[in-house]
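Here is the structure we will look at, set down as structure tokens.
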Amino acid sequence: MKRPRFYVSLKGESMRDFLVNMKKRPIIIIFTALFTAVGCFAVQFNPFTKEFGSLERLFKTDYTQLLTDIAEWLKGRATDPSLLVTTIAIAVLSVLGVSIVGGLFTSGLSYIMYINTYNGIHRVAKKRKTGTLFGEGVNKRFWSMTGYIFVSIITLAVIVFLLAYLNMPMAISIGKVIAGDTSQILPMLLLIAVMVVVMFFVVVFYSMYVSYMMPSIIAFRRGAVRVAFKIVNSYCWYLIPRTLLFLVYNLGIEIALLALNYGLADQTLSIVVFAANFLLRTIGILYYTHYVFKTYIEMKEDMFDEA
């Protein structure tokens, strides 16, 4: 595979372009910061985080029993048709509500990001009003972006569920080794190696497909999914390092939060942790999103020019 033009053009320029584009459209920073603040608040101040929001608590948790309890909870609802239908309906309506609100804002914001990034790449001096671009994005891509968010949430939930239960044999094997069963050391190492490889490719490729679907929806009224998949599959080895870096960056933040016991922190520490988490996440999301839109435009033009 020859080195694509976008790889050369991005080298050493992405930070400069990022700062220039953010300066041109500060609304991108404002909306991203708003969404990030809501997300950070929801993650930090909820019953689950209050229960498991520390490394010590996580290490003491019996995940096999936890997953078994979840399976029993699901089984209990599956045996009662009315309860099952009610649970599914509430879940679907909740996801749909989030998708509609998210679609309203991300359709306009993504449209601004795409046009702004495209103009930066091609040195287009003409600047259209931010409000006009936002309205165009909502009019053209609201339903597409709503569907994208809805499907992304559902598929993410399914992937998390499947990976959790696929890791059960590894968790059981690790538990046996910790309990003193040395005969399980080799099976444990093999299971860990297999699951690390599986999780690496599932998480990284899912992240790339979901990330590059957004600019593709803005660029194409039809065939956006096909183009996004084609681009990611064609240039995946150039995209994996930055995608992995973004994932590791967020994982590092999460580990730091858990080390600070942010789920169990007092009010003052909770506010400090929230502010730091919000700031770091916002910077990471802004930079990675700009990278995704810039590389998408470069790759799309590189691919279609060659075709």
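Filter the helices (runs of 4 or more DSSP H) completely within the range 43-134 down to those with at least 3 residues that are touching a Lys or Arg at 6+ places or on another chain (Cβ under 7 Å).
In the range 43-134, 81-121 are the helices (runs of 4 or more DSSP H) which contain 3 or more residues that are touching a Lys or Arg at 6+ places or on another chain (Cβ under 7 Å).
Between a residue in the range 293-304 that is under 18 Å from Y209 (Cβ atoms) and of a type in the set (S, T, Y) and any residue that is in a helix (DSSP H, G or I) and modelled with pLDDT of 90 or more, which pairs come within a Cβ distance under 6 Å, given they are 6 or more apart or on different chains?
Final answer for the pair search is Y296/Y212; Y296/P215.
Restricting the range 260-294 to residues that are under 16 Å from the mean Cα position of the chain (by Cα) and of a type in the set (A, V, I, L, M), which is surrounded by the most Cβ atoms within 10 Å (Cβ to Cβ)?
Selected residue: V292.
Identify, from the list S94, S99, the residue that is of a type outside the set (A, V, I, L, M, F, W, C), touching a Ser or Thr at 6+ places or on another chain (Cβ under 7 Å) and more than 18 Å from F293 (Cα to Cα).
Sole residue among the options that is of a type outside the set (A, V, I, L, M, F, W, C), touching a Ser or Thr at 6+ places or on another chain (Cβ under 7 Å) and more than 18 Å from F293 (Cα to Cα): S99.
Give the range 180-221 a look and list any residue that's closer than 17 Å to E301 by Cα and without any contact (Cβ under 8 Å) to a residue 12 or more places away in the chain, or say none.
Residue satisfying the conditions is F220 alone.
Out of all the residues in the range 60-80, is one or more of a type in the set (S, T, N, Q), farther than 26 Å from I154 by Cα and surrounded by 11 or more Cβ atoms within 10 Å (Cβ to Cβ)?
Among the residues of the range 60-80, at least one is of a type in the set (S, T, N, Q), farther than 26 Å from I154 by Cα and surrounded by 11 or more Cβ atoms within 10 Å (Cβ to Cβ), which makes the answer yes.
So which residues in the range 196-227 are farther than 21 Å from A157 by Cα, in a helix (DSSP H, G or I) and touching a helix residue (DSSP H, G or I) at 6+ places or on another chain (Cβ under 8 Å)?
Selection gives P215, S216, I217, I218, A219, A224, V227.
In the range 105-151, which residues are aromatic (F, W, Y) and crowded, with 17+ Cβ neighbours inside 10 Å?
Our first condition is that a residue be aromatic (F, W, Y); within the range 105-151, this holds for 105, 111, 114, 118, 134, 142-143, 148, 150.
Scanning the range 105-151 gives F105, Y111, Y114, Y118, F134, F142, Y148, F150.
List the number of the failed condition for T64; all other conditions in (1) out of contact with any helix residue (DSSP H, G or I) (no Cβ under 6 Å at 6 or more places or on another chain); (2) of a type outside the set (A, V, I, L, M, F, W, C); (3) within 28 Å of G175 (Cβ to Cβ) hold.
(1) is the only condition that T64 fails.
What number goes with the only condition from (1) in contact with a Ser or Thr (Cβ under 9 Å, 6 or more places away or on another chain); (2) touching a residue at least 12 places away in the same chain (Cβ under 8 Å) that K50 does not pass?
So K50 meets the others, but not (1).
The values are calculated or read from the model by the stated rules, or taken from the named source; none is laboratory data. Being a predicted model, the structure only gives us computed values, none of them experimental. Using ideal geometry, Cβ is built from the backbone for each residue, glycine included, and neighbour counts are taken over all protein chains shown.
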